[in-house]
Amino acid sequence: MAEVKKEFPQGFLWGGAVAANQLEGAYQEDGKGLSTADVSPDGIMYPTSEDPAKLNLYHDGIDFYHRYKEDLALFNELGFKCFRTSIAWTRIFPNGDDAEPNEAGLKFYDDLFDEMRKQGMEPVVTISHYEMPLNLVKKYGGWRNREVIGFYEKFARTVLERYNGKVKYWMTFNEINVVLHAPFTGGGLVFEEGENKLNIMYQAAHHQFVASALAVKASHEINPEAQIGCMIASMTTYPLTPNPDDVFAALEQDRKTLQFSDVQVRGYYPTYMKRYFKENDIEFEIAAGDEEVMREHTVDYIGFSYYMSFIATTDEEKLKEAAAGNLMTGVRNPYLESSEWGWQIDPKGLRTTLNILYDRYQKPLFIVENGLGAVDKVEEDGSIQDDYRIDYLRAHIEQMREAVADGVDLIGYTTWGPIDLVSASTAELKKRYGFVYVDRDNEGNGTLERTKKKSFGWYQRVIETNGQEL
Ligand code: BGP
């Protein structure tokens, strides 16, 4: 067999990814308003306690708001080419419907993006990551309300204009498909008894599609050189058996995710979605002009998170043995091992996902989240020997390299949580992803001191060798 060259392109964007509400803290500083992420137990996906005061570690996060220079210096030492974060909507428009933006909030991100550039990192910015102003939920009902499109558009235009020239890579919504799995987190949705949830979720998704297209339009007008993408939580699904029913069930389950990229990349609702709406009596409003906006302003690249793969089957009995997972559960895959949180580890599934997405869209792809959430032990000498994290990342990067050799146009890779931060699904600090350990526990105790884990030196070498040395 002749040797195939397997290498990442020059200028590949190696880095790490975070979200404002999971690490900044300072939740009421400099005029910031309350967001959905600030109000546990409703603000997390799977509330684990009834006591809101106990839960919300988001309030202080890891104090990135005050320590970002120190943290970026560590990322600079890692050799990061880019750093992905989000803008907290409530720092810019504290209530969401304010007439004027909050200058102190705008200034914070000016300083943050300047510092990133100074430290050699290209900012990659998510406009909305799992949060919105709480006022927009209370007063308007979140994304179920069409008026929210206008508030989002104003927010998006404000930041796109303000940071024009500082930020080249944007994403409109984090994991936009999450509105179907965690409707409060993804869409600020709270349901009344007896409401048709599916209708409301798809109405909210429709509003987000229009809002996303308007942000793309604004970005292209403001700076045609900037790149603005969608972002989906990828949930690549295998059939449990070769039974054609299972095979089709897997295709349909995949479409529950891919419908979100289909609309944003191609610009219209595919026929399979329209059929699904009809057969399930899903009705929602599409206003005059919406379809045109969606069609005319499609995204430049596809950002996605990848943590695990899933299994579909029509066998009711098997479905009862559900495995835990990111946003969704499913049948356990006997060929895969699981993380401590039950997420099934599937590096080869990343190669499959990359190929599926590239075959489908022929657009640049950006893996903007991937990583292992684990409990780390601090040894007596203060070191953290996180070989399990290295193994996870190494196996995934190997598969990325294969996918690049398959012909996939992959522009970058940002691991989730390069510094420990608050978990989105459990609101814990015990579930850690970082190369940098943060001394803070689930009860909020600790010095917040930062320590390099073993994986720090490993990832540094990966970047240094552009993914050759794993
Ligand atoms: C993604 C979210 C992130 C992040 C990550 C890890 O779905 O975009 O915000 O937190 O998952 O999940 P968790 O924090 O629940 O381990």
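Just a few scattered comments:
- Using only alpha carbons, region 265-382 has a radius of gyration to Kirkwood radius ratio (Rg to Rh) of 1.08.
- Listed by chain and number, the aspartates and glutamates placed with their C-alpha closer than 17 angstrom to that of Lys5 are Glu398, Glu402, Asp406, Asp409, Glu469; residues fewer than eight positions away on the same chain are left out.
- Residues with amide H under 5 Å from that of Asn370, placed H, sequence gap 5 or more: Tyr306, Trp416
- Three principal axis lengths of region 430-470 [C-alpha, angstrom, descending]: 40, 17, 12
- Over 30 Å between alpha carbons, listed pairs Lys168/Lys430; Lys138/Lys166; Lys6/Lys166; Lys32/Lys217; Lys139/Lys168; Lys166/Lys377: Lys168/Lys430; Lys138/Lys166; Lys6/Lys166; Lys139/Lys168; Lys166/Lys377
- Taking the DSSP beta bridges with both ends in region 13-464, the antiparallel portion is around 20 percent.
- Other residues whose C-beta falls under 12 angstrom from the C-beta of Phe108 contribute a net charge of -4, scoring Lys and Arg +1 and Asp and Glu -1.
- Cβ-Cβ FRET estimate between Ala395 and Glu443, R0 fixed at 30 Å, reported to 0.05: 0.35
- Taken one residue at a time, the phi angles of region 417-433 give Karplus couplings (6.51, -1.76, 1.60, θ = phi - 60°) of x, x, 10, 3, 9, 6, 6, 6, 8, 10, 6, 9, 9, 5, 8, 10, 10 Hz. Gly and Pro are set to x.
- Direction-averaged projected area, Cα convex hull, region 184-274: 8.1 nm², rounded to one decimal.
- Compactness of the chain, expressed as Rg and Dmax over alpha-carbon positions, Å: 21.1, 65
- All Cα-Cα separations within region 337-470 were binned at 10 Å from zero, giving a P(r) of 11, 40, 32, 14, 3, 0, each value a whole percent of the pairs.
- Close amide-amide hydrogen proximity is noted between Glu428 and Ser423, each under 5 Å apart and 5 or more residues distant or on a separate chain (H modeled in the peptide plane; Pro and chain starts excluded).
- Each Lys or Arg adds one and each Asp or Glu subtracts one; over the other residues with Cβ under 10 Å from the Cβ of Arg91, this totals -1.
- In region 13-464, Cα pairs under 8 Å separated by at least six residues give a relative contact order of 17 percent.
- Span-like helix ranges in the chain, DSSP H, alpha carbon extent 30 angstrom or more, Kyte mean at least -1.0: 197-222
Bear in mind that the values in this text are calculations on the coordinates, not laboratory data. Just so it is clear, the structure is predicted and the values come from calculations on it, not from any experiment. Every residue, glycine among them, receives a Cβ derived from its backbone with ideal geometry; neighbour counts consider all protein chains shown.
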